[in-house]
Structures are given as structure tokens and as C-alpha cells.
Amino acid sequence: MGRNPMRAAVTLCAAAALAVPFGTAFAAPSAQPTTRTQQTQDPVLVDCSGQPQIGPASYVLACGDGNSRLVSITWYRWDTHAAVGRGTNAVNDCDPYCAAGAFHSYPVTVRLDQPTAAGQGTGEPHFTRITLTYTDGRPDGSPRTVSYPLPG
């Protein structure tokens, strides 16, 4: 790592943080539909790069650094009021620091709700809150159920 290992670690973290938004924008499309048709009025889920999605198989929760993401999501409901699915929350423990940390997987139930009306923010209805309920284990210090505001 050269003469200054801390500088190298910070540089690696910064590079990873900058790469995350581009990774979701240029990733291969999932097998599930990610765009809406004109006839559909169901709200979308807006990702870190501002792209609308319906039924994504994965979703980055920590847009700045990618240290928390949902993977292997299976959606059971997606309508004008809410979306509900199951998946896995992959969370970096950042121990001793994020670049050297390890990802741990926790099964979760995912709920999207509080949709906006069409025309607000993105110009189309979108969910504004995500709630995760950990079903078997959870990250240290995390409550069983957590809610976060969504971009849009």
C-alpha cells in the first residue's frame, strides 16, 4: 500500500462510493420489468440514479457508498397503494473500516408505501417510504423494523 496505508484506504473508499451510482445505472437489466407502460398507474421505485423501476430484483439502500443493498427480491404485491416482497439485506459491517469490512446477509420483508400523486417530483407516482422487517437476525444495533425515506 505504499508509504501511507490510511491514505490508500481512504482513496479506495472514495473510489467505491463514486462507483456505486454508476454501477446501478449501467448494470444489465433484470429479468423483471423495470419500466412502466403508459396504461399503468402503479407507483414506481426510484433508484439511486433517478431511474424509475417496477419490481426490481435488487435495490441499493445506501446510495452514497453501497454498504447496504437489497438483493434477491421477490415481489408478491405491487399496486397503487403499496408493494410487498421478500429479499435479503446485504450490509457491510465496516469493521475496522468500510473498505476492509465484510458483508453480512439478513432475510427481510420489504414494504414500499406512501406513494405520491402523478406529477410530484419525478413526474409520475412513486413510493416515498421503504420499510424493512428483519425475519432472521439483523445488523448490530438495528431494530427489527426500520423505515427510510426514498428518493424521488
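The values are calculated or read from the model by the stated rules, or taken from the named source; none is laboratory data. Worth saying up front: this structure is predicted, and the values here are computed from it rather than measured. Quick reminder, even Gly has a Cβ in these numbers, built from the backbone with ideal geometry, and neighbours come from all protein chains shown.
Any idea which residue in region 59-92 is farthest from residue 109 (Cα to Cα), counting only those that are at pLDDT 95 or above and among the charged types (D, E, K, R)? Checked region 59-92; the qualifying residue farthest from residue 109 (Cα to Cα) is 79.
So, residue 20, is that one crowded, with 18+ Cβ neighbours inside 10 Å, at pLDDT 95 or above and in contact with a Cys (Cβ under 8 Å, 6 or more places away or on another chain) or not? Against the criterion (crowded, with 18+ Cβ neighbours inside 10 Å, at pLDDT 95 or above and in contact with a Cys (Cβ under 8 Å, 6 or more places away or on another chain)), residue 20 does not qualify. Could we say that residue 86 is free of Cβ contacts under 8 Å to residues at least 12 places away in the same chain, part of a strand (DSSP E or B) and out of contact with any Leu (no Cβ under 9 Å at 6 or more places or on another chain) here? In short, no. Considering only residues that are among the hydroxyl-bearing types (Ser, Thr, Tyr), surrounded by 15 or more Cβ atoms within 10 Å (Cβ to Cβ) and closer than 26 Å to residue 135 by Cα, which ones fall in region 99-122? Within region 99-122, 106, 109 qualify. Restricting 52, 43, 56, 29 to those that are modelled with pLDDT of 90 or more and either touching a Phe, Trp or Tyr at 6+ places or on another chain (Cβ under 7 Å) or loosely packed, with under 12 Cβ neighbours inside 10 Å (or both) reduces the list to 43.
From the list 125, 96, 139, 149, exactly one residue is surrounded by 14 or more Cβ atoms within 10 Å (Cβ to Cβ), farther than 15 Å from residue 53 by Cβ and either at pLDDT below 95 or not β-branched (Val, Ile, Thr) (or both). Which is it?
Sole residue among the options that is surrounded by 14 or more Cβ atoms within 10 Å (Cβ to Cβ), farther than 15 Å from residue 53 by Cβ and either at pLDDT below 95 or not β-branched (Val, Ile, Thr) (or both): 139.
When 63, 48, 94 are checked against the criterion of being without any contact (Cβ under 8 Å) to a residue 40 or more places away in the chain and not in a strand (DSSP E or B), a single residue qualifies: 94. Residue check, residue 88 against (1) closer than 14 Å to residue 45 by Cβ; (2) in contact with a Phe, Trp or Tyr (Cβ under 8 Å, 6 or more places away or on another chain), all met but one. Which one? The one condition residue 88 does not meet is (1).
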